[in-house]
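Accompanying notes for the structure given below.
The values are calculated or read from the model by the stated rules, or taken from the named source; none is laboratory data. Please read all numbers here as calculations on a predicted model, not as lab measurements. Cβ atoms come from the backbone with ideal geometry, glycine included; neighbour counts cover every protein chain shown. For the accessible areas, the whole protein counts, side chains as well, though only heavy atoms, and no ligand, DNA or RNA atoms are used. Shrake-Rupley method; radii C 1.70, N 1.55, O 1.52, S 1.80 Å.
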Amino acid sequence: MSPRITPGLAGAPTEVDMVVIGLGITGTGVALDAVTRGLSVLAVDAHDLAFGTSRWSSKLVHGGLRYLAAGQVGVAHESAVERGLLMEVTAPHLTHAIPTLMPFSSSVPGHQAGAARAATWAGDLLRRSARTSRQTLPRPRHLSATEALELAPSLRRQGLRGAMLGWDGQLEDDARLVTTVGRTAASHGAHVCTRARVLSATGTSVRLRDEVTGATHTVTARTVVNAAGVWAGDLVDEVKLRPSRGTHLVLRAETLPGLRVVVYAPIPGTFNRFVLVLPQPDGTIYVGLTDEPADGPVPDVPQPTEPEIGFLLDVVSAAFERPIHRTDVVGAYAGLRPLLDAGPGETADLSRRHATLVSRTGVVTIVGGKLTTYRRMAQDAVDAAVAHSRLVAGPCRTRALPLLGAADRATLAGLELPPRLVRKYGTDAALVLDVARSVGLTDEDALAPVAAGVPVTLAELVFGVTHEGAADVDDLLDRRTRVGLVPADRESAVPAAERALTLSRDFCRSSRDL
């Protein structure tokens, strides 16, 4: 049976136990949690999977250290627990351990270096309290200046006294996690529909417009969950959000050659704030992030500001031997955090704890939180919806439920399949390759980079259409793959995306009823 991820509402039910609004990481997580409890589910989004905040993260699964530093002990522990589940149970194929480096230069006072050491060891305590194995995330240790430069050769050498080495989790890609959760929900029977805009919603019905055909539909439900992120307040008036904008830069790997660790570059004049320099598997480096109030209407795609870009460049340049210039920036992106409005103050001080709210009409809204804790957020949202609507549902199963393609690391390492596909699809890499062959591609054509300097393959693009609901070039290049983070790469990959869409039409028609 092919997964039920479809653009538009063709074939969607008109009566279900639960309607989920929003197909970011929280919404897809809610759909998976609910359908595996035995509920019938329709999950919709006005745009696409991972269209909003979920695709604009740092691509990390955090252990909660920065929340611990802010005194949010419960949030920190929850993050550490959920990081361990992602890395060891639900998504080992989409996560891996990455070393983190806090350099101690002459500009870092002794008391600040001591605090960094203590914080790193506190992070290891969080790992142990979450029962994440040392094989998954090794213990931290102090490095000499020479050892630090072996891992990050581009660090500023003058005054470098050493560094603290820790470990955290890194995602293959945030949008890929969202897509995989959505596919997993669909494989269990959820109807997952993109291009389905909510016109109005109560706790028992949703009026939708099919953005493919323009037709309107009314779906009745026993409960409705609002997981629309920064747009949640547009659906439920009682929800008051105060979004903050987090901006990242994209650099080529050769800008900071040899970088093998995440570098925490200290922000001058602060005690425990850093800019992260994050090497990526595909030959880029992300630099982020900011935390600025985002007032006014919520845009579909937030845009970084030049002052934020300049701030990030200044902080990173101070930590590395070679200054980073504006011309080194090949891409930039920004995401809006859906933070609950807690009154006056800086958005950086608002809690990242999630909350479930029930409106006057019975809509259950889930807001706040972080990508790492999506599974727990989904569990709490479904618990609240089930209790409020008095639904008969089984217990939450997602704590021990692997996503599609998941396997233990030894099994993944032993797969005789293209390593790139294994990184992105796990055991489903064989399916991705089989689908490419089914549409008439040779293995050589299917696995070749789609353009010079762009490692994405045609097999990935075809699979995005046939099994992941991609409807156009934007879906393929901006969300199923992340080519669009570098505009020049995106332009060169458009012909391959158009070819994938053409090749996939016959396959989709022939397999629609499988």
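Hey, among the residues in region 290-305 that are in contact with a Phe, Trp or Tyr (Cβ under 8 Å, 6 or more places away or on another chain) and either without any contact (Cβ under 8 Å) to a residue 60 or more places away in the chain or part of a strand (DSSP E or B) (or both), which one's most open to solvent (accessible area, probe 1.4 Å)?
Applying the filter and picking the extreme gives 304.
Scanning for something of a type outside the set (A, V, I, L, M, F, W, C), open to solvent by 20 Å² or more (accessible area, probe 1.4 Å) and within 19 Å of residue 502 (Cα to Cα), does region 446-459 turn up at least one residue? Break it down stepwise before answering.
In the first step, residues of region 446-459 are kept if they are of a type outside the set (A, V, I, L, M, F, W, C); the result is 449, 453, 455, 457.
Keeping just the survivors that are open to solvent by 20 Å² or more (accessible area, probe 1.4 Å) gives 449, 453, 455.
Of the ones still in play, those that are also within 19 Å of residue 502 (Cα to Cα) are 449.
The answer is yes, given that some residue of region 446-459 is of a type outside the set (A, V, I, L, M, F, W, C), open to solvent by 20 Å² or more (accessible area, probe 1.4 Å) and within 19 Å of residue 502 (Cα to Cα).
Between a residue in region 319-343 that is under 30 Å from residue 367 (Cα atoms) and any residue that is of a type in the set (Phe, Trp, Tyr), which pairs come within a Cβ distance under 6 Å, given they are 6 or more apart or on different chains?
333/56; 335/56
If you take the residues in region 126-157 that are of a type in the set (Gly, Ala, Ser) and open to solvent by less than 30 Å² (accessible area, probe 1.4 Å), which one is farthest from residue 86 (Cα to Cα)? Walk me through how you get there before you give the answer.
Step one: list which residues in region 126-157 are of a type in the set (Gly, Ala, Ser), which gives 129-130, 133, 144-145, 148, 152, 154.
Next, only the ones that are open to solvent by less than 30 Å² (accessible area, probe 1.4 Å) stay: 130, 145, 148, 152, 154.
Details: 130: 12, 145: 33, 148: 28, 152: 27, 154: 31 Å.
Only one residue tops the list, namely 145.
Table: residues versus (1) among the hydrophobic types (A, V, I, L, M, F, W, C); (2) open to solvent by 30 Å² or more (accessible area, probe 1.4 Å).
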site: 59; (1), (2): no, no
site: 62; (1), (2): no, no
site: 78; (1), (2): no, yes
site: 81; (1), (2): yes, no
site: 95; (1), (2): no, no
site: 102; (1), (2): yes, no
